[in-house]
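Presented below is the structure to which this report refers.
The values are calculated or read from the model by the stated rules, or taken from the named source; none is laboratory data. All values reported here derive from a predicted model rather than from experimental measurement. Virtual Cβ from ideal backbone geometry, glycine too; neighbours counted across all protein chains shown.
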Ligand code: ADP
Ligand code: MG
């Protein structure tokens, strides 16, 4: 919150500060520190398990020693002599299992809780970002930070603690016991293992690179299929099936080549590493055997040595795999944390509210200039001045792409002007609480209303959380929607499907109107609200809009001039400026741009309600 307020003081239009994208340890610590106690316990258990693992080869060696003794001379009872050792081993196995169980449970608990906390924090910070942020980012990218990046980070974290700790302890512990068993053999091992590991790591990184290329190629193929299937109507309409098949086929072929190359690489790696490991076992046995023959080493110790050296090798292989995982986990974490620390220029809340009884709803644009942050060089509005008198309807007309929707966005404070200011009852919008402005003052109805995949009741209530059922019905009646809603078998409980797919355009628009009306907005913006509708729905929707407009400050944005004739004041926009203003008759008499637009539309579409 402190950050947001600090941001607010900065000059309008400045870009949000992009935080360096390296891993943010401070944030990570914030997520980790509630779990420190559990994490500490998990670490102790993991260390315990690793130490037990170090003990096991030593005991196994002693057991082998006893076995060897009985193969030489068959006196005494093998069972008696080995019982103690066997029990000890069994106990260690049990202890090892228990410790492993314990630390895995604790780690998964920490990991899952951290992932939930991180997702929640990231989601909430994403929702707070400026609209300009979303202009520049792909939704899919943002969602993947929430899902796969958090997932990747979580599994890396768990793996590093469990495997990493364990492998390190085992390497150190086993090396100690190895050197106690036989210094000579250990030295030999210390030379051979790192050399092999080096070769293995090199090959491994080449394979990882190949595997990444392979994944990218698969993603390309998936992209082609996704595009074709998702836009099947367009593909069908252009009879492009065969071309799409060929395109997909080519990408598939590419991914096959890469995958086979990767397969060969993995096969080579496996084969070579099998040979290497086996040679090392043989080498150890051979050299160790000669030491045993020279009475410099006991047979059981050789056995211990073999098992322990295997543990070292396995642990080191684990560590090298882990290294790649750490790199991936850190970069995933950096991606997650990047957007968590990003603070928007326009905060969601904070600022003053005007008490309802004093709110008049007069809006003025004072010499506003504006360019979109995603396209800084391109001025959409320049020196734009416009007043919306309280309780009056003002129509804004002009060419498509002329900046009409931009005016509405500035009024909702989705963006701040680059220069000049927008005021509500004389107050600069930048001093007013944005949540109050959007939630209670301004109602916005756009050309393509977006509904949420829930019931009609919930969709209308979106405009005012906590509205009573009665308020919902009233709003729906005002919006001419009550009738069609009650004609559905499930009435207000009808689920509208994702993005309202199960409703017609006119029905969706009327729900959107009800949703905007339920908050009793003082200012209403209608951005081409009827232009996507057929003439019959347009009539019904227009009727609802006319009713909704009375007594409110209304900005009607319209492409089709038939809908603006009833406005108190008509403003014509061109080149980001107001170029004409007046009533319909005044403007017609003037014979300027408006008259020209009217004349052209009359030519284009003789019946005024014909679809565009
Ligand atoms: P209108 O509503 O009058 O058709 P808009 O206000 O939507 O026009 O757009 C005005 C200009 O701003 C257009 O040139 C458009 O390309 C550009 N524009 C609109 N939205 C954005 C955006 N989010 N980012 C960058 N440029 C935009
Ligand atoms: Mg528009």
Discussion item. On the basis of being over 32 Å from the mean Cα position of the chain (by Cα) and over 19 Å from residue 412 (Cα atoms), does residue 488 make the cut?
Written reply: yes
Discussion item. Given the criterion part of a helix (DSSP H, G or I), at pLDDT 90 or above, farther than 30 Å from residue 349 by Cα and out of contact with any helix residue (DSSP H, G or I) (no Cβ under 8 Å at 6 or more places or on another chain), identify the matching residue among 86, 97, 48.
Written reply: 97
Worksheet, complete the sentence: Within the stretch 355-378, restricting to residues that are assigned to a loop (DSSP other than H, G, I, E, B) and touching a helix residue (DSSP H, G or I) at 6+ places or on another chain (Cβ under 8 Å), the one that is modelled with the highest pLDDT is 372
Discussion item. Tell me the residue from 566, 576 that is closer than 27 Å to residue 384 by Cβ, surrounded by fewer than 17 Cβ atoms within 10 Å (Cβ to Cβ) and touching a residue at least 24 places away in the same chain (Cβ under 8 Å), please.
Written reply: 566
Discussion item. Can you find, within the stretch 525-541, the residue that is surrounded by the most Cβ atoms within 10 Å (Cβ to Cβ) among those that are closer than 24 Å to residue 603 by Cβ and within 16 Å of ligand 1 (Cβ to nearest atom)?
Written reply: 530
Discussion item. Can you pull out every residue in the stretch 119-165 that is within 16 Å of ligand 2 (Cβ to nearest atom) and either more than 16 Å from the chain's Cα centre (by Cα) or surrounded by 15 or more Cβ atoms within 10 Å (Cβ to Cβ) (or both)?
Written reply: 131
Response to the item:
Looking across the stretch 542-563 at residues that are within 25 Å of residue 603 (Cα to Cα) and crowded, with 21+ Cβ neighbours inside 10 Å, the single one that is modelled with the lowest pLDDT is 563
Item to complete: Just give me the residues in the stretch 428-457 being farther than 21 Å from residue 130 by Cβ, surrounded by fewer than 21 Cβ atoms within 10 Å (Cβ to Cβ) and in contact with a strand residue (DSSP E or B) (Cβ under 9 Å, 6 or more places away or on another chain), in sequence order.
Response: 447, 453, 454, 455
Practice prompt. Scan the stretch 558-602 residue by residue and report those that are within 14 Å of ligand 1 (Cβ to nearest atom), on the phi < 0 side of the Ramachandran plot and assigned to a loop (DSSP other than H, G, I, E, B).
Written response: 558, 559, 560
Worksheet item: Got a number for residues in the stretch 379-421 being away from ligand 1 (no atom under 14 Å from the Cβ), within 23 Å of residue 597 (Cα to Cα) and in a loop (DSSP other than H, G, I, E, B)?
Response: 0
